[in-house]
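Report on the following structure.
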Amino acid sequence: MLNYVEEIKKLKKEKNAIILAHYYQNKEIQEIADYLGDSYKLSVIASETDADIIVFCGVHFMAETAKILSPDKKVLIPVMEAGCSMANMINEVSLSQYKEKNPDTKILCYVNSTANVKALSDCCVTSSNALKIIDHYLAAGQKILYCPDRNLAKYAMKLRNVKFDCWDGDCCIHDSLTSHMVAKMKNKHQDALVVVHPEARLEVLECADYVGSTAGIIDFVKKSDAKSFIVGTEEGILHKLRKDNPNKEFYLLDEGLSCYDMKLTTLKDVYEVLKNESNEVTVEENIRKKAFDALDTMLKLS
Ligand code: 13P
Ligand code: SF4
């Protein structure tokens, strides 16, 4: 049987390829990655790399973002069907209709969205820079629509004591968490700190000791003196948390915290796409340029 890890290493060298992986990937994929990160960091790496090929181990919008930022690179996704349910909750038709009715409103669009939706947006955001970017537009006195994640929008509105338009989308995995689950876990692990991704509902975020992106959670846990943590995000993050903090304990807030699409990628898939240079992600140039502007504005404001 082929040793996929060794074969992937050989192919990467031969083809000047890099592997980017999100923290929600299976642990064997995280282990072969050249760069592991949250959506923000991975998009920065994609925009700066001099590799010829980027193999993006994540979901489709992430690989598409890499292609938008690095049009001259070949961007490959190991599993073409790996999507994001939140990204599918908004499309260019409904966003265009909103824009027609609200021509003065700036569109802030979460990176968990398609290229077509990004192309209609003024600026993209990720969970690691959303507040900073929202603050920028609010300070300029502009009306905003935050799409498609309702939960992150409500969290920002609460923190800043303002109201703005938001889309009615969510991540079904994070949206399934409740404050009751937090209370139950806190009861079992009284000294544990609660760390949560901002895609969770406000009632959950209000019980958290820390709210942040996947990279933010990893950084917070590393710097914290606490010895145990209740983790309110996708279970793939536990691999990195345990690796970085062998003396700390981690309890997943709910057993169901697994993103089906993130877990589709296997070592065999990575090997095959790299070998055959298959599953190339493409974006029509007219759309790409507009989506690039929204991402570039985000990178400049971050
Ligand atoms: P991060 O930007 O925190 O990596 O989150 C991406 C994501 O899909 C969360 O569900
Ligand atoms: Fe999308 Fe949720 Fe999966 Fe993140 S965890 S990729 S938001 S479905």
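The values are calculated or read from the model by the stated rules, or taken from the named source; none is laboratory data. The model shown is predicted, which means the values in this text are computed figures rather than measured ones. As a convention, Cβ positions derive from the backbone with ideal geometry for all residues, glycine included, and neighbour counts pool all protein chains shown.
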Please give the strands (runs of 3 or more DSSP E) falling wholly within segment 188-253 in which 2 or more residues are closer than 20 Å to Asn26 by Cα and not aliphatic (A, V, I, L, M).
249-252
Anything in segment 149-175 that is out of contact with any helix residue (DSSP H, G or I) (no Cβ under 9 Å at 6 or more places or on another chain) and surrounded by fewer than 16 Cβ atoms within 10 Å (Cβ to Cβ)? List them, or say none.
Asn161, Cys172
Is there a residue being of a type in the set (Gly, Ala, Ser) and closer than 28 Å to Gly236 by Cα anywhere in segment 140-152?
no
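Yes/no matrix, rows are residues, columns are (1) closer than 20 Å to Asp296 by Cα; (2) of a type in the set (A, V, I, L, M, F, W, C):
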position: Leu20; (1), (2): yes, yes
position: Ser43; (1), (2): yes, no
position: Ile68; (1), (2): yes, yes
position: Ile77; (1), (2): no, yes
position: Met80; (1), (2): no, yes
Starting from segment 86-104, take each residue that is hydroxyl-bearing (Ser, Thr, Tyr) and list its partners that are exposed (fewer than 15 other Cβ atoms within 10 Å of the Cβ) and part of a helix (DSSP H, G or I), counting only C-beta distances under 9 angstrom and pairs at least six apart or across chains.
none
Being away from ligand 2 (no atom under 14 Å from the Cβ) and without any contact (Cβ under 8 Å) to a residue 40 or more places away in the chain is the requirement here; does Lys240 meet it?
no
What about Val5, is it surrounded by fewer than 24 Cβ atoms within 10 Å (Cβ to Cβ) and over 18 Å from the mean Cα position of the chain (by Cα)?
yes
Which number in (1) part of a loop (DSSP other than H, G, I, E, B); (2) modelled with pLDDT of 95 or more marks the one condition that Ile19 misses?
(1)
Return the total of residues in segment 64-87 being within 13 Å of ligand 1 (Cβ to nearest atom), part of a helix (DSSP H, G or I) and not β-branched (Val, Ile, Thr).
1
State which residue pairs qualify: first residue under 12 Å from Leu274 (Cβ atoms) and inside segment 1-14, second residue in a loop (DSSP other than H, G, I, E, B) in any location, beta carbons under 9 Å apart, and separation of 6 or more residues or different chains.
Tyr4/Thr266; Lys12/Asp34; Lys12/Ala51
Would you please name the residue that is farthest from ligand 2 (Cβ to nearest atom), looking only at residues in segment 68-96 that are surrounded by fewer than 24 Cβ atoms within 10 Å (Cβ to Cβ) and under 17 Å from Glu277 (Cα atoms)?
Asp72
Identify all residues within segment 40-59 that are more than 11 Å from Glu280 (Cα to Cα) and either within 13 Å of ligand 2 (Cβ to nearest atom) or in contact with a His (Cβ under 8 Å, 6 or more places away or on another chain) (or both); write none if there are none.
Leu42, Cys57, Gly58, Val59
Does Ile29 satisfy the condition of being touching a Ser or Thr at 6+ places or on another chain (Cβ under 8 Å), assigned to a helix (DSSP H, G or I) and either among the polar types (S, T, N, Q) or in contact (Cβ under 8 Å) with a residue 24 or more places away in the chain (or both)?
yes
Take Leu267 and decide whether it is in contact with a Phe, Trp or Tyr (Cβ under 9 Å, 6 or more places away or on another chain), crowded, with 19+ Cβ neighbours inside 10 Å and in contact (Cβ under 8 Å) with a residue 60 or more places away in the chain.
yes
Looking at (1) touching a Ser or Thr at 6+ places or on another chain (Cβ under 6 Å); (2) more than 28 Å from Met89 (Cβ to Cβ), which is the one condition that is false for Glu235?
(2)
